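The values are calculated or read from the model by the stated rules, or taken from the named source; none is laboratory data. Since this is a predicted model, take the numbers as computed values, not measurements. Using ideal geometry, Cβ is built from the backbone for each residue, glycine included, and neighbour counts are taken over all protein chains shown. For the accessible areas, the whole protein counts, side chains as well, though only heavy atoms, and no ligand, DNA or RNA atoms are used. Shrake-Rupley method; radii C 1.70, N 1.55, O 1.52, S 1.80 Å.
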Amino acid sequence: MRIALAIIICRIANTLSKLFKKEGTVIGGYWALKIYPNVLNNIKYPKYVIGVTGSSGKGSTTELIAHILNKNNITYAYNKNGSNAINGITSLILSNTSLNGKYKKQALLMELDEKHMVHLLEHFTLTHLVITNITRDQPPRNAHPEYIQSLIKSILKDNMHLVVNVDDPLVYALTLDHKGKKTYYGMDKIKYSKETNLHNIDAQYCPICGNKLTYEFYHYGHLGKYKCTKCNFERPNPEFLAHTIDIENKTIFINKDEIKIPSNFLYSVYFTTAAYSLANTLGLKKEKILHAINIDPFIPKRLNIYNFYGRTWQMLSSKNENNLSYKQSIDYILHEKGTKTIVLGFDNSSRRYKENDVSWLWDIDFESLKDKNIDKIVVIGRFKYDIMTRLEYAKIEKEKLILIENLETEIIDTLKNKTKGNIYSMVCFDKESELKEILKKEGITHD
Amino acid sequence: MIKIAHLYYDIMNLYGENGNIRALKEHFERQSIKCEIHFLTINDKIDFEKYDIYYMGMGTEKGQLLVLNDLMKYKEEIKKSIENGKYYFLTGNAYELFGKHIIDFEGNKIECLNIFPYYTKRINKKDFMEDCDFRIVGTTSGNCNFLDKEIIGFQNRGGTIHESDKYFIKINHGVGYEPKSLYEGYLYKNFLGTYLLGPLFIRNPYLTDYYIKKITKEKDNTYKFKVFKNTSEIKAYETFLENFIN
């Protein structure tokens, strides 16, 4: 009875919210939990309850898993909009549950916020948990990687099948005491693997005995092939290994299977391997998994591409407060061919909270922007001087740096007359909207 | 020539704190003073007489204890070197190690270097309201008594400091040693410890120049200090004050 009421309230709240042009994916969960705090304890869950968590890549991994489930005719629901905290997940579950409390589909798939899931999983458990990585990410809310590692550890139960990225020592360490099933995935050495030139990697010391780890190679950050100098902690051989990686041509191998990756970002190797590994552990037919990934590929979020007076302008989001994601966007730009101009800037460090820390700028390897194919770097936004400072310290030639004081009056003219090549902007959400508005006035809309 | 030791660079490195070493180097080099940085860590032999400046940044709670374990053997040398006027710059929880002890989450007392009289308590969930995260996070600013420029920074920590007899800044914005305190940091001779984490010397160019000048003058009293105005760092500092503090 109470459960039916919670489900009805949830649906009404979401519908009303949508009527008022709000997202309508969180508010229902909020009200359902208000009237029935333990509603999630009393749902009859399906055979597969899959969670995907980690500091980055969980959204893409979840999306690809959803696509594979879809192509395998497994019915599922997932938080497509990325509402990954407790209210959003509650709303997702209740929207797919009959009034008698039975979840209606074969699978429940959730991208889970690594912090909020601690509270969520007090109410129910997962059959499968994918852990992508634990890296520096939004420190004002996530403190630091070891803190997140301890939170994830607190929710692990032996009846969960863990599917984890063992290139990350913090993730691998979580599985050592796990008595339940575990499946490991990882990435072999690639041509971009290297030692980072900043001393900012986490997990340089063994999470088990505290002695220094040595790395045979890093892909980025602390993800790579590591070994403790004292104890026997070392990156194990993954059951699913991505190898023979050709980022430019977007092909990789996982074990013996040739796989297409959806974009030429390095992280797409990881999320594809994660989704592939999970699909295999679910026991799906290999031909069908490969068909879903290779023949009938899922289209990643539409790229934001504009035609700016004959030049391509691609808008990437600025991955503030996550130095490794930010660096991957830089690497993506660097690997693109031809002369290019980059636009950087943000008004706030975060969209989720008001704290504005700028420390993370110093954990990003901006030095790599000293590249002959970069014509200019244009700096905008409220923290433009902080970015300028960072770029100056990176010893980027002064004549390559352009500072925009007034976005509205200066940006078009500057880009048109003072810069060359394709444009890549990497700015925060608010600034991106402003840029789009300015482009619209200029008569430039989506390509 | 200025020699800097970046202590435990590979473990006390949480929040972009390499920026501090870069700032010191850059500011010395702007004055045409050569600057050498040595990166030292656990199991290296650290000489506490050889360097002009010792810097350590912030670490995780676990990392901090690994460092403490290594640091304890240098206790007397460090004490002597602070007394002799060597420069110590410590950001984030690094300066907790120079106090008496740390009381951990379970209430255990972990002995520290015991050079200064303060001690640290890890913030326990029950000390705070149920819903509150048990870390102190946010923008902080305050005034020190040797510079007429406000100090700005950010905090993100899981400890509070108690029974401190000296301070670095009087708080204008944010919190001090603990939520009720209006004072933050520790200054003694040339020792500066503060919970302000991250690139403190990048974000506070006037503070950096104050120290650069002081250190340079001590080496060469006749040195003519060059003044750089309107640098990006100064503009970033002023813009931040304008947008977030004033």
Check your understanding: Of all helices (runs of 4 or more DSSP H) completely enclosed by segment A:333-447, which ones contain at least 2 residues that are open to solvent by 30 Å² or more (accessible area, probe 1.4 Å), away from every other protein chain (no Cβ under 11 Å) and acidic (Asp, Glu)?
Key -> A:407-418, A:429-441
Check your understanding: Out of (1) open to solvent by 30 Å² or more (accessible area, probe 1.4 Å); (2) of a type outside the set (A, V, I, L, M, F, W, C); (3) at pLDDT below 95, what's the single condition that is false for A:GLN106?
Key -> (3)
Review point. So is A:LEU112 open to solvent by less than 20 Å² (accessible area, probe 1.4 Å), more than 14 Å from chain B (Cβ to nearest Cβ) and either within 30 Å of A:TYR215 (Cβ to Cβ) or under 17 Å from the mean Cα position of the chain (by Cα) (or both) or not?
Key: yes
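Considering each residue of segment A:35-74, count those that are over 30 Å from A:LYS327 (Cβ atoms) and part of a loop (DSSP other than H, G, I, E, B), and give that number.
So the first thing to find is which residues in segment A:35-74 are over 30 Å from A:LYS327 (Cβ atoms), and the list is A:35-49, A:69-74.
Now narrow it down to the ones that are part of a loop (DSSP other than H, G, I, E, B): A:36-38, A:43, A:45-47, A:72-74.
Result for segment A:35-74: 10.
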Check your understanding: Out of all the residues in segment B:48-70, which are more than 14 Å from chain A (Cβ to nearest Cβ) and either touching a residue at least 40 places away in the same chain (Cβ under 8 Å) or in contact with a Pro (Cβ under 7 Å, 6 or more places away or on another chain) (or both)?
Key -> B:LYS50, B:TYR51, B:ASP52, B:ILE53, B:TYR54
Check your understanding: How about segment B:188-240: which of its residues are free of Cβ contacts under 8 Å to residues at least 40 places away in the same chain, more than 30 Å from A:GLU405 (Cβ to Cβ) and among the β-branched types (Val, Ile, Thr)?
Key -> B:THR222
Study note, to complete from the structure: Per the list (1) at pLDDT 95 or above; (2) surrounded by fewer than 23 Cβ atoms within 10 Å (Cβ to Cβ), residue check on B:PRO179 breaks on (1)
Check your understanding: In segment A:371-398, what residues are among the aromatic types (Phe, Trp, Tyr) and touching a Gly at 6+ places or on another chain (Cβ under 9 Å)?
Key -> A:PHE383, A:TYR393
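With the structure loaded, tell me whether A:GLU258 is in a strand (DSSP E or B) and in contact with a Lys or Arg (Cβ under 6 Å, 6 or more places away or on another chain) or whether it fails that test. First the steps, then the outcome.
Numbers: in a strand (DSSP E or B): yes; in contact with a Lys or Arg (Cβ under 6 Å, 6 or more places away or on another chain): no.
Judged against the criteria, A:GLU258 is not a match.
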Revision key, fill the gap. Looking across segment A:308-332 at residues that are more than 13 Å from chain B (Cβ to nearest Cβ) and assigned to a loop (DSSP other than H, G, I, E, B), the single one that is modelled with the lowest pLDDT is A:SER318
Check your understanding: Applying the selection to segment B:92-109, what residues are buried (at least 17 other Cβ atoms within 10 Å of the Cβ) and over 12 Å from B:TYR186 (Cβ atoms)?
Key -> B:GLY92, B:ASN93, B:LYS100, B:HIS101, B:ILE102, B:ILE103
Revision key, fill the gap. Contact list, first residue from segment A:140-161 and in the same structural domain as A:ASN280 (by TED's automatic domain parsing) and over 20 Å from B:GLY63 (Cα atoms), second anywhere and in a helix (DSSP H, G or I) and at pLDDT 95 or above, beta-carbon distance below 7 Å, six or more apart or interchain, is A:LEU156/A:LEU174; A:HIS161/A:THR281
Check your understanding: Looking only at segment B:204-246, which residues are basic (Lys, Arg), within 28 Å of A:ASP347 (Cα to Cα) and at pLDDT 95 or above?
Key -> B:LYS235
Check your understanding: In segment A:238-255, which residue that is open to solvent by 40 Å² or more (accessible area, probe 1.4 Å) and in a loop (DSSP other than H, G, I, E, B) is nearest to A:ILE208 (Cα to Cα)?
Key -> A:GLU239
Practice item. Restrict the check to segment A:176-192 and report whether at least one residue is farther than 29 Å from A:ARG352 by Cβ, surrounded by fewer than 18 Cβ atoms within 10 Å (Cβ to Cβ), touching a Gly at 6+ places or on another chain (Cβ under 8 Å) and more than 14 Å from every other protein chain (Cβ to nearest Cβ). Key: no
Check your understanding: Which residues, counting only those in segment A:216-237, are within 14 Å of chain B (Cβ to nearest Cβ), in a strand (DSSP E or B) and crowded, with 21+ Cβ neighbours inside 10 Å?
Key -> A:TYR226
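For the condition closer than 19 Å to A:TYR172 by Cβ, among the polar types (S, T, N, Q) and not in a loop (DSSP other than H, G, I, E, B), what is the one hit in A:SER277, A:SER268?
Working: A:SER268 fails: closer than 19 Å to A:TYR172 by Cβ.
Testing whether each residue is closer than 19 Å to A:TYR172 by Cβ, among the polar types (S, T, N, Q) and not in a loop (DSSP other than H, G, I, E, B) leaves just A:SER277.
One line per residue, one yes/no per condition, for (1) of a type in the set (Phe, Trp, Tyr); (2) farther than 22 Å from B:LYS214 by Cα; (3) within 14 Å of chain A (Cβ to nearest Cβ); (4) part of a helix (DSSP H, G or I):
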position	(1), (2), (3), (4)
B:GLU76	no, yes, no, yes
B:GLY85	no, no, no, no
B:GLY138	no, yes, yes, no
B:SER141	no, yes, yes, no
B:ASN156	no, yes, yes, no
